[in-house]
1. Using label points projected 7 Å from each Cα along Cα→Cβ, tell me how many nm separate SER272 and VAL148, to one decimal.
2. In nm, to one decimal, how far is the modelled label at TYR76 from the one at THR8, with both set 7 Å along Cα→Cβ?
3. Go ahead and run the numbers for FRET between SER240 and GLU196, Cβ-Cβ distance against an R0 of 35 Å, rounding to 0.05.
4. Given a Förster distance of 22 Å, report the FRET efficiency between LEU298 and ARG329 from their Cβ-Cβ distance, rounded to the nearest 0.05.
5. Arrange the following residues from fewest to most other Cβ atoms within 10 Å of their Cβ: TRP192, TRP229.
6. Checking the cross-link filter: which lysines have an alpha carbon closer than 18 Å to that of LYS264, excluding same-chain neighbours under 8 positions apart?
Amino acid sequence: MSLEQSVTALEQRNAELVSEVVRARDAVMGLSNMYTTITLGLAGTEDGQYFTVPGNGAYQKLYQHDGAQAPLIATYPSNSDLTDALTTLNTAVSDHVSDADPHTQYVDAAGVHAAFNQYGLGASSGSLNDANDMVTPGTFGGPGAGGVNFPGATKFGFLRVSGRQTNLFSQEALFGANQYYMRYTNDGGATWTNWEQIYHTGMTPNFPDMPQVGGDPIVESGSNADGEWTRWSDGTQITSQQFLLGGTYGNIVNGFYAIDQENKDFSVSFLSTPKLSISVASNLTDVTHAIVASDSGLTPTTSTKTGRIRGLVPPSTGALGVDVIAYGRWK
């Protein structure tokens, strides 16, 4: 194709696009030109213009004035028509769901199948009374007081079932804002794992179900720039921290340099003054035969700081690291 032919083709295509835009604009403008009859529409518009007429089984119909004729361009359904179509689709899809065909129950590998009334499509249907029998993927309303094998109060809430293969299923049971459980089966529901409650920040911990050490459940643990801490339900609190003595070398005592470190904050405060265990941190220490201790002995003077930690090191410029563990109560 020559350059002139290409330019001519582009000009023709541009003219076609302009014509389509004008046609679309006129059609939109025609939606506001509503007449009670086609005859009145022809009388009220010029040749080529659009107008609408209501009723006759539709919300409105769009026509174009074409000489003495008015060809139908588009039909816009009413709300009742849309509702009827959705109901028909609901029935057709629901009838297609089959226990024998898992592709009608959940999304397949191609992602094109989903049963109606599941995963947000329509209202949730009710669950069977026994949660162990629920292996059809979807979201279901709880059976209520007659429900069995539901954790907590979830038989009055919702049950969500997810399936990957015909024998692999997981269940999520929910009730209110603070009951959320999960479990799993790999044999089509013949046996299930125990329900496990999923906790979140908006919930109050249920101490008997929390991790335990020596029979006492841990209710909180964490760390910050000052070290780590753990709290138990019986009120016990233990903090740990590791640091280098950062003071300056002082006088020589029996061939050792004395070095001081000002108070260090505990990672969290205690209810009252705790007991201390102080030792040399070998992983932070470059010298041997070092000694560390606290000015206040094993009991600091406050519930928030370690007290002054002192160290004795051989004549050396090596670093001296310290481990400090505090034992006390948080309640």
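The numbers here are math on the coordinates, done by the rules we state, and not lab data. Note that the structure is a prediction, hence the values are computed from the model and not measured. Cβ sites come from the backbone with ideal geometry, for glycine too, and all protein chains shown count toward neighbours.
1. So the label points at SER272 and VAL148 sit 5.4 nm apart.
2. Output for this residue pair reads 4.3 nm.
3. Working: r = 30 Å, r/R0 = 0.85.
With a Förster radius of 35 Å, E is 0.70.
4. So, using R0 = 22 Å, E works out to roughly 0.90.
5. Fewest-to-most Cβ neighbours within 10 Å comes out as TRP192, TRP229.
6. LYS275, LYS305
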